[in-house]
Structure formats: structure tokens, C-alpha cells
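See below for the structure under consideration.
None of the figures in this text is laboratory data; all of them are computed from the coordinates on show. Worth saying up front: this structure is predicted, and the values here are computed from it rather than measured. We place every Cβ from the backbone using ideal geometry, glycine too, and count neighbours over all the protein chains shown.
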Amino acid sequence: MSATALLEVEDLSKQFGGFTALDSVSFRVAERERLGLIGPNGSGKSTLVNCLCGALRHQSGSVRFAGARVDGLPAHQRTRLGMARSFQLPKPFGSLSVAENIRIPLLYTVNARKGAHLDAAALERRCHELLELVGLAGKAMGRPRDLTQVEMRKLELARAMAAEPKLLIADEAMAGLSHNEVDDILALLHRLNEGGVTIILIEHIMRAVMSFSSRLVVLVAGRKIADGLPAEVVRNPDVVRAYLGE
Amino acid sequence: MGVSVDLLLSAIVAGILLGGFYAAVTVGVSISFGMLDIVNIAHPAFIILGSYIVYILNQTYGVDPILAAIVLLPVFYALGAAVYQIYYLVFERRGDEALRGLAFFFGLLFIIEVALILAFGVDYRFVSADYIGTTLHYGPIDLPLRMLIPFGMSIAMLATLQLYLSRTFIGRAIMAVSQDRQALQLMSANPARIKRIAFGISIATAALAGAFLIIIQPVEPSVGRDYIGRIFAICVLGGLGSFPGMLVAAILLGIVESITATFYGPSWAPAVAFGILLLTLAFRPSGIMGR
Amino acid sequence: MRTRTFWLVAVLVGAAFFGLSLLAPNQYYFQAGYKVLQYVVLATAWNILGGYCGYVNFGSAAFFALGAYSTVALYKILPVPLPVLILIGGIVSGVVGLGMGYLTLRLRGAFFSIATLALAVVVQTLITNWDYVGGSRGAYIIRPMRVPILGHYIEYLYLIMVVLCVLAIGIARTIERSRLGYGFAAIRDDEQAAEAAGVPTLRLKLVATTLSGALMGMAGAPLPYYVTYLDPASGFNLAYAVNSIAMPLIGGMSSWLGPLIGALFLGSIQEYTTVAFSSSSGLNVLIVGVLLVSFVIVAPNGIVGLVESLRWRRR
């Protein structure tokens, strides 16, 4: 592997009581890669995301981001290091306006990093920029509860983007959306990737995953069973069995 | 040294009896908090309410307190169902349960307590029954009937509830609701109705617990507040929603409190439960963190 | 308006308020006013953790009483002027708030609240058993002979409370408009999402509990001089616990205005019932309890929320 790995996951395991959610999962993500993560329901994808980002503590294994170990760091510090995520079920800040939702990561991630510090005017501008990017500029003063499903998903993504991440994990950002809406989100993610952001896409919508990913990882019952080019992975008999066999 | 060992033994036995009673006090919350996720911080107030009604029945009609409580069971069940209905309509449906639900029960706690103060004053009340004065003696161990009988009845109540929850259809539905609300909806059973039944049962246990309480000690309205700490300490120590664990935790607490009261004085007793609660929450909150 | 302007206005309003108060016909006004103002500080302090951050503290009485009892403890050692006592009360309660936060803030909301209740009882038991400050028998405090500036000592206490009110409200307002306030709101709305967005939730929550505790301690520090006889029953009185929750809830929890309105409204009602019915404080707490439950059911955003929704509807 000549490319420097931005994210290195080694032997990650997580149990809930007697139940093993993740079993020695290992993979790497290179900079600027577009990694697709797929697997049947209950295979551990969300648990994996939670362990990577610090929402859950894993029992064994290690997670390295940009060469440094992040195990044990609280979630907010990982975000400041450059790992951002969007939640599967959007979790907006309900009492704040749409624009203010974007402010939070700007105030607490961007401004918390060493170096460039956004002043009040720059903050306003950046909020507006981000909302424009996802097409929510018109609803800036509104409340999250007034947004449609798609708009909430976009807000989720915009909030993750506001943290200026090096790695963005999009957790089922397109579930339940229409064909066009899925294309919208895909276009957004492509644009981000072109701008230098590494993306891990967790999805059930196969056409999206296939067209977007440069590499595919398949998780079944907490174990990684395939890891390679999309076209090859989908032909892998284990993968076929996992999806059709049950 | 002989005196000390005897004292210790008595303290432990007293603690066990006390613990059984504490389990009866806690089982209601084990259901409402452990299974339904409703922080009914007003449960002790319902217990005290039960104590007072039992007191009235006992003093006016000479009814045995435990019998009186059994008669009260359906009344308290209805009360619990009504309270849950309000809680459900106002909070669970709207979705912002946490803070407002807590405040709701907190307010209820004070309303009941103060209403009792206004109605009965702050004098201690107690019931009369044949067995209250009697004590059985086995060597160095004293078994006052006023503690032994509530202990026995508590165990009986716990066993009955355990059987109900594991054997009957509704009981099992309650267990299912506590674990997976979605599954129940898919089964086209109405979770709200099941929860209402469960909450009703939870408050019904308060009637019996109230009878036990006033048999064991004289009661005045603010006594309930001492029990909040005990109840939640037992729930946390024993694990939520597990009756055997709860019983063990209750007896443990009873023993520690009894020993503390015997050797250090009764004024430290309230702090024991709360102290244990704080320490447990701080250092061993397994299953409580980020549930 | 800008925060600096707000402080200026607050100080001026406070001064004007106090000036007007001096026209009061008799001492009773200061006696009663002190209690109501005390509640303003308590409610505002509670709201910083409760309304802004979303963590319900059932143990306000403990922080309040710690302030009062640190005054009693120091009173026996050396004569210290009241403002210093207030500072010390604030520090003691602030440190306890920090400690409590550290022990309990990793818990889910409901467990945090129960832990605060546990703390209140533990503190009360410790103080009841501490004979140095009088234990359950209580302690007597003698008011100083000379009163700084004003005629009667009660007026001086009243002035101190006005200053504390201005301070508390000013701090609350400053937080609201600051980065810290945004962080608190994010924690309240969705703590997990806040963490993911870079908010150091544990640290901010600790700030909230420390600040909230400190302000409550400062409100409690002058109490011994007000009552001249302090025992645990009155220091840890039921009414403080219920009111510090009821007032912000009934007034409105989303801004500094709510606790102020709630405290003035409920505080006055309680003063009135105490005087008019001269019964035990039981009736007071009953009224507060009923109002609390009613508002929680009918108007969860409090009086401020009601007014806002009326204005919104008229548009």
C-alpha cells in the first residue's frame, strides 16, 4: 500500500453483555478514498461507526487516525482531530435554528483547533456557505422540526461538513429517499471528496454504493467477510450468500 | 466480646427483616422505572398514602392493616392506571418525557405529602394489631412479629409478582414491552395499554408496602422522602428489572443500615442508602451509562 | 441588546429598584422582599444547569444550605464582613458542585437527578451530625451592631440580595449569548450529537454545575443573619427544593427572564399565603406543587412561553 492510510482499524471487537457485535474487524482507509461499507441489518455497521467515533468504547483492538491512536479519546476530541459523522436518524438541535445548528460545530470544532479562528462575521458567512451548499439557505432561520426528511438529512450532512473533517462517515444518509434525492446527496458527497475529504459511505441502497465507492467492505454478523473492488466483492460467493442465503 | 457478637447478630437479623420490607417498597419502582422507563420519583408518596388510608381503616373499623391493604389493591391499581394515563397523554406522546416527566412526578410527590400534612398534621400515626407487640425469641435473636410478618408478606408478594410476570399472558407482554416497544407494536398489542396495566400494578404494590410500613414504624408524611434514596439505591445495586437481584440488594441495604444504626446511631441511617447510591452511581454504573 | 449594555441596564434597574424600596412604609417589606429576591437568585442559578443544559438538579437545598452553614462555621472563628462570607459560601458550594458533577455527570439524565437528591440528603445528614455548627439543635447568629451605610440591618441584607440578583441575572444573560450558551443548548437538545459536533460535553456540564452551585451557595450565605437562628430543618427546607425547580419551570426555562418572573410570581403568592392564612408552610408548598404539575401539563414552556405563543399567534 503506497498511499498513507488515514484510518487504520485493527482487530476491533465490541461485546454487549454476551452478544458480540463486532468480531476482530480490521481495515484501512487511504486518504481521499471513497469506501463503501455494506452488510445486512444487524451486522454491526452502526456499532462500528460508534466505536470509530467514540460514542461507544470498544473492548479490544485499535483505531488509528492520521497515524495516532484515538482509542479512549472522547468523541469531541476525535471530531477535532478530523473525524466527522452524520447520524443514521438525524439528531438536530431542536431548540436552535437551522443556521445555529451549523454554528455549533463551527464554534466548537473549527474554532477549537489551533490556527485559523473564525470571527463573528466569518462564522456567519461560513454558516451561510454551508447551507447554500446543501440547498438549505432559504430555511436558515427556521427550526429543524419544520424541515422535510430530505432536508433533515442534508442538515445532518452540513453539520458534519461544518467540522471541516478529513474523514466523513455518512451513516445511511440516504435511507428512504427518492431517486433524485439520493442523487442529490451523492453529488454532495462527490463534491466533498473532490475537495479532499475521505468518505466512508454506509448504505443499503446498492446502486448508490456501487457507483460511489472506489472500494467496498462487507460486514456480516460483526465480521468483515470481504474487502476489495466493488465489482469483485459483489461476485464474492460469501457476500452473495450473506445477502440471499438467509 | 460476647455482647458485641450478639449485638451484631441481632443487627444482621433485623437487617434481613428490614431488607425484605425494603424489597416490597422497591418492587413498584422496579416495575415502573426498570421495565417502563418511567422515573416515578413519587412512589414513596403513594406508599405513605397507603399507610394513611390503612391507618384510617384500622382505627375506624378495626380492620387488620394487611387485610385493609389487600382491599385497597384495586383502588390503588385504578389510581396508578389513571396517573399513567395522564403521564402518557401529556408526556409520552409528545416525546419530551425526560425533564417534564420528572418534574411532573416531583410535583406529585410534594402535593401528596403536603396534602397529607394538611389533612393529618405532622404527628406520628401507628396502627394497632394483635401481633404488633409480640416478639419471638430464639436464643440471642429477637424476631419481632411486627417485622417478621411484613417480611413474610413481602416475599409472598414478590413471588406472586414474579409468577405473574413470567406465567401469564399479560405478565409476559409487560416483560416484552420493557425490552422492545417495536416488537410489541408489530404484534398489534397496544403498548400503552400494557404499560398502563403495569403502572397500575406498580402503584398497587404501594398499598401493601404502605401497610407494611405502618406496621413496622409510626408514620408521618415526610417519612416518604427517606425512602427515595433507598428505593433507587436498591434498584441501582440490584440491577433494574430483576427481582432476585433486587431482593438481594434490598437485604444487603437492610443489613448495612441496621449495623450502622446499631453501632453509630440512627441519625446516620438516611445517609447510608444515599451514600451507597452515590458511590454505586459514581463507580459502578454498569448498564446505566448511555443506555 | 449587547451584553455590556444589558449589564448596565441591569445595574441601573437594580439600583432604581432598591431606591424605590427605601420608600417602603415599614420593615416588613424588606423582610418579605429578601425572601422573594433570594428565590430569584436560586431560580436563576438552577436554570443554568436545568433550563440551559437540561440537567434537573433536585438537590438545590444542599448547595443553598452549604452557603448558609459555611457562614455559621466561620462566624464562630472570626468576624468576617458579609460580602466575604458570600464569596466563601459561593466557593464552598461551587467546589461541591464540581465534585458532584464529576461523580455523576456521566450518567443518564434521570440518574443524575436522583444522584443530586442523594447528595442533598447526605449533606443534610452530615451537617445534622456536625455539632460544631449546632447539629440538629441549631445555631444562633447575632447580627452586627453597626450597619454599613443604611439604617436597619434588614435593609442591608435586602441590598445584598438585590446585588446578588443583578449578578445572577447578568451571568445568566451573558451565558445565553455566548459560545458557552450555545454549547449548553446543544447538550440540552442532543448530547450525543453535541459531542459529535465537537462540544466537550463533560467539561461544559461541570462548568454548569459549578456555577449553578456557587450561585446557590452565595444566595444561602446571608441566611443565618436573616433568620438569626439556623437549624438543618430550616436550612434544608422542603420549600427551597421545590421552588428552585418550580419557579424556572413555571416562569420559563429558556432564558433569564423565566426564573425572574417565576420567582416573583410564586414568591409573592407564597408570602401572601403565609401572612393571610398564618398556617404552616404546608399550604405554600401545596400551591407550588399544584402549580408545578399544572404548568408542566398545560404550559411546558412556562409563562414566557405562553406570552411568546400568544404574540406569535397574533401575527
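Tabulated data for the structure shown
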{"item": "Computed over the range A:23-62, Cα set: Rg, Dmax in Å", "result": "11.0, 29"}
{"item": "Viscosity 0.692 mPa s, 37 °C: Kirkwood-radius Stokes-Einstein D of chain C over Cα pairs, µm²/s", "result": "165"}
{"item": "For chain B, built as a Gaussian network whose Cα springs stay under 10 Å, the top-fluctuating residue of B:84, B:138, B:227", "result": "B:138"}
{"item": "Centre separation in Å (Cα based) which lies between the range B:137-158 and the range A:40-112", "result": "54"}
{"item": "log10 of Debye I(q)/I(0), alpha-carbon scatterers only, for the range A:5-47 at 0.15, 0.19 Å⁻¹", "result": "-0.44, -0.67"}
{"item": "Kyte-Doolittle at least 0.0, axis length at least 24 Å by Cα - qualifying DSSP helices, chain B", "result": "B:2-29, B:43-61, B:65-87, B:97-120, B:145-167, B:191-216, B:243-264"}
{"item": "Mean-position separation - Cα centroids, the range C:1-57 and the range C:210-251, in angstrom", "result": "14"}
{"item": "Projected-area average for the range A:93-171 over all orientations - Cα convex hull basis, square nanometres", "result": "5.2"}
{"item": "Antiparallel bridges, percent of DSSP beta bridges restricted to chain A (to nearest 5)", "result": "55"}
{"item": "Exposed trypsin sites (Lys or Arg not before Pro) absent - longest run of chain A, DSSP non-H/G/I/E/B, at most 13 other C-beta within 10 Å", "result": "A:115-234"}
{"item": "Magnitude of the charge dipole, chain B, Cβ model with Lys/Arg +1 and Asp/Glu -1, debye to 20", "result": "900"}
{"item": "Residue-averaged [θ]222 nm for chain B, counting only DSSP H segments that reach four residues, each worth -39500 (n - 2.57)", "result": "-25000 deg cm²/dmol"}
{"item": "Listed residues A:226, A:121, A:55, most fluctuating in chain A (Gaussian network, C-alpha, under 10 Å)", "result": "A:121"}
{"item": "Taking the range B:190-291 and dividing mean pair separation by its residue count, relative contact order in percent (alpha carbons under 8 Å, at least six apart)", "result": "23"}
{"item": "Positive-end residue of A:70, A:105, A:20, charge dipole of the range A:1-116 with Cβ unit charges", "result": "A:105"}
{"item": "Beta bridge orientation in the protein assembly as shown: antiparallel %, DSSP, nearest 5", "result": "60"}
{"item": "Pair residue A:221, residue B:283: separation of 7 Å Cα→Cβ label points (nm)", "result": "4.1"}
{"item": "Rg(Cα) / (2.2 N^0.38 Å) computed for the range A:150-246, rounded to two decimals", "result": "1.14"}
{"item": "Shape call, the range B:71-134: gyration tensor on alpha carbons, a/c limit 1.5", "result": "prolate"}
{"item": "Percentage of interatomic Cα-Cα distances in the range C:56-129 larger than 15 Å", "result": "55"}
{"item": "Residue of C:261, C:250, C:114 that the Gaussian network model of chain C assigns the largest fluctuation, springs spanning Cα pairs under 10 Å", "result": "C:114"}
{"item": "The range C:148-198: C-alpha pair distances exceeding 13 Å, %", "result": "67"}
{"item": "Label-point separation, residue A:57 to residue B:264 (7 Å along Cα→Cβ), nm", "result": "2.9"}
{"item": "Theoretical ellipticity at 222 nm over chain A - DSSP helices of four or more residues, -39500 (n - 2.57) apiece, nearest 500", "result": "-10000 deg cm²/dmol"}
{"item": "Cα gyration tensor shape for the range C:123-216, rounded if a/c is under 1.5, else prolate or oblate", "result": "oblate"}
{"item": "Bins of 5 Å from zero: percent of alpha-carbon pairs in chain B", "result": "1, 6, 11, 16, 19, 17, 13, 8, 5, 2, 1, 0, 0, 0"}
{"item": "Kirkwood Rh, Cα atoms: Rg over Rh of the protein assembly as shown", "result": "1.00"}
{"item": "Equivalent ellipsoid, the range B:6-149 (semi-axes from 5 times Cα gyration tensor eigenvalues, Å)", "result": "33, 20, 13"}
{"item": "Projected label distance in nm at residue C:27 and residue C:179, using a 7 Å step from Cα toward the beta-carbon", "result": "5.1"}
{"item": "Debye intensity ratio in log₁₀ form over the Cα atoms of the range C:91-144, taken at each q of 0.13, 0.21, 0.31 Å⁻¹", "result": "-0.45, -0.84, -1.13"}
{"item": "Efficiency of FRET from Cβ geometry, residue A:15 and residue A:111, R₀ 35 Å, rounded to 0.05", "result": "0.40"}
{"item": "For chain C, with +1 on Lys and Arg beta carbons and -1 on Asp and Glu, the positive-most of C:240, C:122, C:97 along the dipole", "result": "C:97"}
{"item": "Shape box of the range A:94-140 [Cα atoms, principal axes, largest first, Å]", "result": "31, 21, 16"}
{"item": "Approximate shape of chain A as ellipsoid semi-axes (Cα gyration tensor, √5λ), whole Å, largest first", "result": "30, 21, 17"}
{"item": "Test item: B:255-268 mean partner chain Cβ contacts at 10 Å", "result": "1"}
{"item": "Helix-only mean residue ellipticity at 222 nm for chain C, each DSSP H run of n ≥ 4 adding -39500 (n - 2.57), per residue, nearest 500", "result": "-24500 deg cm²/dmol"}
{"item": "Average partner coverage of A:142-149, which counts Cβ from other chains inside 10 Å", "result": "0"}
{"item": "Leading residue at positive end of dipole, the protein assembly as shown (Cβ point charges), from B:216, C:299, A:30", "result": "A:30"}
{"item": "Sparse-neighbourhood loop sites, trypsin sites (Lys or Arg not before Pro) in the range C:137-223 - DSSP loop, at most 14 other Cβ within 10 angstrom", "result": "C:146, C:177"}
{"item": "Cα gyration tensor, the range B:131-265 - rounded (a/c under 1.5), prolate or oblate", "result": "prolate"}
{"item": "Cross-link table A:114/A:166; A:14/A:91; A:91/A:139; A:166/C:205; A:154/B:195, entries beyond 26 Å C-alpha to C-alpha", "result": "A:166/C:205; A:154/B:195"}
{"item": "Amide hydrogen neighbours beyond the local backbone of residue A:6, cut-off 5 Å, H modeled", "result": "A:29, A:30, A:31"}
